[in-house]
Amino acid sequence: MTQSIQQLAAQWATAVASQNMEQIMAFYADELIAYDAVAQLQFIGKSAYKAHWQKCMEFCAGGHSKFELRDLKIQQNDPIAFSHALVYCEGSNEKGETQGCWMRLTQGWQKQQGQWRIIHDHFSVPFDMVSGAVLFELTPDA
């Protein structure tokens, strides 16, 4: 039986929190297109995105990592589904300094050979239009 998108999203988030690159990448389709909040405008293909994920994990080399989904919503109509959520990402560097923030996440899923795969990732962080400053201090409404 095919797992639900909700189960898969939770497993994906657990893989990210544990920084298990093999498990993280198992969720992605080869033809993935990703728009991340970090580094460049887009990543085309699973291998390009894997290299990006590895750089992100190196930034959090201090051993502490947190990655949590909140308010996950899913729209599904086989063979395509979309999910969106707020994500809290936190990690510590090799000095033990911890940084974290809330981001927005939208994922496109496609059923391929009976398995759901992420074909599109889009992370974003709000910014102030006047100053151009990224608004890392925002938190979800309680």
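The values are calculated or read from the model by the stated rules, or taken from the named source; none is laboratory data. Just so it is clear, the model here is predicted, and its values are computed rather than measured. Neighbour counts are summed over all protein chains in view; Cβ atoms, including those assigned to glycine, are modelled from backbone coordinates with ideal geometry.
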_Given the condition out of contact with any Leu (no Cβ under 6 Å at 6 or more places or on another chain), more than 16 Å from Gln11 (Cα to Cα) and basic (Lys, Arg), answer yes or no: does some residue in the range 81-96 qualify?_
yes
_Condition check for Lys55: in a loop (DSSP other than H, G, I, E, B) and among the basic types (Lys, Arg)_ = no
*When you look at Phe82, is it in contact with a strand residue (DSSP E or B) (Cβ under 7 Å, 6 or more places away or on another chain) and at pLDDT 95 or above, yes or no?*
yes
